[in-house]
Amino acid sequence: MNRIEEEIAAVAARLIVDEGMEFGLAKQQALKSLGLTGKVPLPSNDELEDAVFEHLNLFGGTRQKHELSALRQLALIWMNRLSGYRPHLTGAVWKGFATARSDIFLQLFCDDSKSAEIELINQGLDYQVSTQRGFKGEKVDALSLNIRSEPLGCYVGLHLMIYDFDDLRGALKPDAKGKIQRGDAKALEKLLAQASELEPE
């Protein structure tokens, strides 16, 4: 990255951590904060993710680790609750840079695209339907609801992104850097166990 990209990444990383912004919006807000206009080179998402972890290493501390653990535990509860729809966790909670301001993103791989929505109705849950960008850049339906986290003492946004079952195979392939961008309940349980082992006694 050049100097301008590094400045944008640093500001955007703070917005992602402190405000729970998504990457695209954080980059645009960083441009405004820095007074930059016109065609300015932006950091890639990979570069921005590195900046986020760097910010957390400097300012996150134990609090962020506890908040991440609480969000992962909450995600696991809902993954088990929706196990019939093959839920996979993705986003900041999966990657490890989430804070109490972050939302939980679960990707559901359904035999019938309407089945998950019917399940929420049967459970008497209030939700909103929206469209979000999928992992292949396509538009996908998302069911969004607010869920309570007792450890955090607040409500958290939960977004259920609806995919066809056939999309699951492609979803599990590593990216260009060899990173897995999502994981099922067993993979999340492994992350929680590893984090627990690293905690000081």
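The condition of being modelled with pLDDT of 90 or more, outside any loop (DSSP other than H, G, I, E, B) and not assigned by TED's automatic domain parsing to the domain that holds Ala187 holds for only one of Ala30, Ala75, that being Ala30. What are the pairs, 6+ residues apart or on separate chains, where a residue within segment 138-155 that is touching a residue at least 40 places away in the same chain (Cβ under 8 Å) has its Cβ under 7 Å from a residue that is surrounded by fewer than 16 Cβ atoms within 10 Å (Cβ to Cβ) and assigned to a strand (DSSP E or B)? What qualifies is Ile147/Tyr155. A search for C-beta distances below 6 Å between a residue of segment 38-55 that is charged (D, E, K, R) and any residue that is in a loop (DSSP other than H, G, I, E, B), counting only pairs 6+ apart in sequence or on different chains, returns Glu47/Met1. Residues that are part of a loop (DSSP other than H, G, I, E, B) and either more than 21 Å from the chain's Cα centre (by Cα) or among the hydroxyl-bearing types (Ser, Thr, Tyr) (or both) within segment 127-136 comprise just one, Tyr127.
Please go through segment 86-117 and pick out each residue that is modelled with pLDDT of 95 or more and assigned to a helix (DSSP H, G or I). Those that are modelled with pLDDT of 95 or more and assigned to a helix (DSSP H, G or I): Val93, Trp94. Cβ separations smaller than 7 Å between residues 6+ apart or across chains give the following pairs from segment 162-174 residues that are at pLDDT 80 or above to residues that are part of a helix (DSSP H, G or I) and surrounded by 17 or more Cβ atoms within 10 Å (Cβ to Cβ): Ile162/Ala116. Scanning segment 40-62 for residues that are crowded, with 17+ Cβ neighbours inside 10 Å and outside any helix (DSSP H, G or I) yields Leu42, Pro43, Gly60. Of the set (1) assigned by TED's automatic domain parsing to the domain that holds Met161; (2) of a type in the set (Ser, Thr, Tyr); (3) assigned to a loop (DSSP other than H, G, I, E, B), all apply to Thr37 but (1). Restricting to segment 137-173, what's the tally of residues that are over 30 Å from Glu67 (Cβ atoms) and assigned to a strand (DSSP E or B)? Within segment 137-173, residues that are over 30 Å from Glu67 (Cβ atoms) and assigned to a strand (DSSP E or B) number 2.
The values are calculated or read from the model by the stated rules, or taken from the named source; none is laboratory data. Quantities reported herein were computed from a predicted structural model and do not represent experimental measurements. Don't worry about glycine lacking a Cβ; one is built from the backbone with ideal geometry, like all the others, and counts go over all protein chains shown.
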